[in-house]
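The values are calculated or read from the model by the stated rules, or taken from the named source; none is laboratory data. On a predicted model such as this, the values are computed, not experimentally measured, just so you know. Glycine also receives a Cβ, built like all others from the backbone with ideal geometry; neighbour counts cover every protein chain displayed. Calculation scope for accessible area: heavy atoms of the full protein, side chains included, ligands and nucleic acids excluded. Shrake-Rupley method; radii C 1.70, N 1.55, O 1.52, S 1.80 Å.
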2 protein chains.
Amino acid sequence: MPTPTPTTPQRDGFRMPGEFEPHAMCWMAWPERADNWRDGAGPAQRAYATVARAIAEFEPVTVCASAGQWARARASLPEHIRVVEMTLDDAWLRDQAPTFVINPKREVRGIDWRFNAWGVKYEPYANDDLAARKICELAGVARYRSDMVLEGGSIHVDGEGTCLTTEECLLNPNRNPLLTKAQIEANLRTYLGVSRVIWLREGVYRDDDTNGHVDLLACFVRPGVIALHWTEDEHDPQYARSQDAYARLSAATDARGRPFEIHKIHAPGVQTITQVEFDGLSRQGDGYAEERAPGRRMAASYINFYIANGGIVMPGFDDPADGPARAALQALFPERRVVQLPSREILLGGGNIHCITQQQPV
Amino acid sequence: MPTPTPTTPQRDGFRMPGEFEPHAMCWMAWPERADNWRDGAGPAQRAYATVARAIAEFEPVTVCASAGQWARARASLPEHIRVVEMTLDDAWLRDQAPTFVINPKREVRGIDWRFNAWGVKYEPYANDDLAARKICELAGVARYRSDMVLEGGSIHVDGEGTCLTTEECLLNPNRNPLLTKAQIEANLRTYLGVSRVIWLREGVYRDDDTNGHVDLLACFVRPGVIALHWTEDEHDPQYARSQDAYARLSAATDARGRPFEIHKIHAPGVQTITQVEFDGLSRQGDGYAEERAPGRRMAASYINFYIANGGIVMPGFDDPADGPARAALQALFPERRVVQLPSREILLGGGNIHCITQQQPV
């Protein structure tokens, strides 16, 4: 049961498994704050519900909704998707939920990182910082509370000792200004149970909300194999970022000494916020609206997909690149069924499918 | 997972086990409404926390607290007691939670009876009517929704085909005015998986809140053995009630044809509400305060104990009868450790330890 412990996962023989390892559950939240989700969050709720339904075809899904939204969430989702009450500040469980770790006996525990709303960008965030604890209690797993600020979207692991992250995010002074890079890396090692951390420089262009989470830029398909957000357009500010990531990954080896096989996933066309979309945001709260100005480019990436048991649930942007990206992922995951969903409403909120999910391993 | 089904537990091979059979969990809620719990519910919260701690020495406990009270509940309870968010109208999980049933493979399901606040005595009760559904989802068990109004405190079973209940409650027109006694009994049979229903007439005197729930009057110690609330005082209005129950039980046999061994548990002295206790109630809500007038007698009974794995958690009233009652229960349950707790603050709210608990079988 959820008992904070002064030890670390690594010392206790736990490691974070790769997302491609088997899951017991997918955790999601239910969007509602009208200053980040247009039109009273209705379109976002429909998009989240569509994602939840798609994932539930592959594995159990739990959706956490506030007391006020429970009835609406329950009515919007099929019976086989579990809906539980949880007070949250927003709906990005990749970043708010625990990072689950397992040991060789397949016992599961949760890491409860400090959460500060991506560098104190949005307040309040006290409830979001409690989410990991609450989910550990619901899941009935013991909990490690870390003093380090970290969001789940800023790391990817291969389950075999390698972690992928970005300097733009983890070294940003808005997260852990008192920790050195070496100290941060040491925390990743002891909590995630990894022995090698590969530092990419920057995340995806205009992913300012998260300061460049790696989960929009690159991810593990399986150990030794990486999918990378890519553009061939030299005039695109993303170009240098992807080039740099490619160079670093090409020069690196993983924890077991393997070089990486890198697959380029071409970005969709530039996605910008429309006036109508901006006008749908409430200006009431101490919220996100200013980050959502009309014409502003968003960090659209196919890399932000979720790996489910036997499935891939990936973003779609009604863009000519959708089909090729889907085909590319299907080729990378021949044993999984790829489902592509319209995800613009999630993108408008500042993330995508991977950002709103968190896997609990078997 | 929680899928309502048009079948019944009996048809599916499920039965309600006796409370003395092994539990996986005890469910409780967290009191907060100031019109039923004096002094802003603080004393009641401490009493509930004491009960939760006592039960948690024997089996896992989950406490359901509202979003607004989660932090307070979490801080008031030790880490090994799980606290989850749940919106409720009040805190009587015996009556709001599902009645759990099991089959020979020890699969567990929940019965979600209609709940109408003990005959529409207190409004609103919509959230309480949703509690069983929410708990089934949290527990990950399938759910039977019954059209019949029933509270868990109005039934006791021996797990071998026998149900104990009272006419005062189940035949009260404030519950199921359109159902005949035969129809109600048929529902008990098909949902609880019993073949014999033993109807006692009335519950405990002044148990007006529930209209005489059986769980203050009589319960199964094990199949064939019953503990009965008792008084030798012929001038006490309770006298005739206990005499009648004794007569009916003496004349009855259980589902397997056994006569009952009946153990009389002598009542505590008359417990009445004080002016100070009454004055501590908020008159703000559409609440309970009128039922709690100073000088009013309360339905104090030692029968309202909880049977935990290896333990008995029973009421105490700071009364001379406390010790004998405790000794009597210890003699009836030699293999369990009896814990007696001061329960006046729960009694003031209209029930006792059994009323605020609900066991989930293994």
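Could you please give the count of residues in region A:247-269 that are polar (S, T, N, Q) and in a helix (DSSP H, G or I)?
1
I'm told B:Asp207 meets every condition in (1) open to solvent by 10 Å² or more (accessible area, probe 1.4 Å); (2) in contact with a Leu (Cβ under 8 Å, 6 or more places away or on another chain); (3) charged (D, E, K, R) except one. Can you identify the failing condition by its number?
B:Asp207 satisfies all of (1) open to solvent by 10 Å² or more (accessible area, probe 1.4 Å); (2) in contact with a Leu (Cβ under 8 Å, 6 or more places away or on another chain); (3) charged (D, E, K, R) except (1).
So, in region B:1-60, exactly how many residues are surrounded by fewer than 17 Cβ atoms within 10 Å (Cβ to Cβ), basic (Lys, Arg) and in a helix (DSSP H, G or I)?
Selection size over region B:1-60: 1.
Does region A:30-39 contain any residue that is in contact with a Ser or Thr (Cβ under 6 Å, 6 or more places away or on another chain), in contact (Cβ under 8 Å) with a residue 40 or more places away in the chain and more than 14 Å from every other protein chain (Cβ to nearest Cβ)?
yes
Conditions (1) closer than 26 Å to A:Glu123 by Cα; (2) not in a strand (DSSP E or B), marked per residue:
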site	(1), (2)
A:Glu277	yes, yes
A:Leu281	yes, yes
A:Glu291	yes, yes
A:Ile303	no, yes
A:Ile312	no, no
A:Gly323	no, yes
A:Ala328	no, yes
A:Gln340	no, no
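Consider region B:77-100. How many of its residues are closer than 22 Å to B:Met314 by Cβ, without any contact (Cβ under 8 Å) to a residue 60 or more places away in the chain and surrounded by 21 or more Cβ atoms within 10 Å (Cβ to Cβ)?
So the answer is 2.
Looking only at region A:95-122, count how many residues are within 19 Å of A:Thr8 (Cα to Cα) and in a loop (DSSP other than H, G, I, E, B).
Summing the residues that are within 19 Å of A:Thr8 (Cα to Cα) and in a loop (DSSP other than H, G, I, E, B) in region A:95-122 gives 8.
Residue-by-condition table, conditions (1) among the aliphatic types (A, V, I, L, M); (2) over 20 Å from the mean Cα position of the chain (by Cα); (3) open to solvent by less than 10 Å² (accessible area, probe 1.4 Å):
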residue	(1), (2), (3)
B:Phe305	no, no, yes
B:Leu348	yes, no, no
B:Ile356	yes, no, yes
B:Gln360	no, no, no
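Yes or no: B:Gly193 open to solvent by less than 60 Å² (accessible area, probe 1.4 Å) and within 24 Å of B:Asn36 (Cα to Cα)?
no
B:Asn127 versus (1) closer than 16 Å to B:Arg15 by Cα; (2) at the interface with chain A (Cβ under 10 Å from one of its Cβ atoms): which is the lone unmet condition?
It fails just one condition, (1).
Suppose we filter region B:139-151 for residues that are surrounded by fewer than 24 Cβ atoms within 10 Å (Cβ to Cβ) and within 14 Å of another protein chain (Cβ to nearest Cβ); how many remain?
Residues that pass the stated criteria total 6.
Output the number of residues of region B:71-94 satisfying the condition of being within 11 Å of chain A (Cβ to nearest Cβ), closer than 23 Å to B:Gly110 by Cβ and not in a loop (DSSP other than H, G, I, E, B).
4
Of everything in region A:316-336, what is free of Cβ contacts under 8 Å to residues at least 40 places away in the same chain and in contact with a strand residue (DSSP E or B) (Cβ under 9 Å, 6 or more places away or on another chain)? Give them in sequence order.
A:Gly316, A:Asp318, A:Gly323, A:Arg326, A:Ala327, A:Gln330, A:Ala331, A:Arg336
The rows are residues; the columns are (1) open to solvent by less than 10 Å² (accessible area, probe 1.4 Å); (2) part of a strand (DSSP E or B).
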| site | (1), (2) |
| --- | --- |
| A:Gly153 | yes, no |
| A:His156 | no, yes |
| A:Leu164 | yes, yes |
| A:Glu168 | no, no |
| A:Asn174 | no, no |
| A:Leu179 | no, no |
| A:Ala182 | no, no |
| A:Asn187 | no, no |
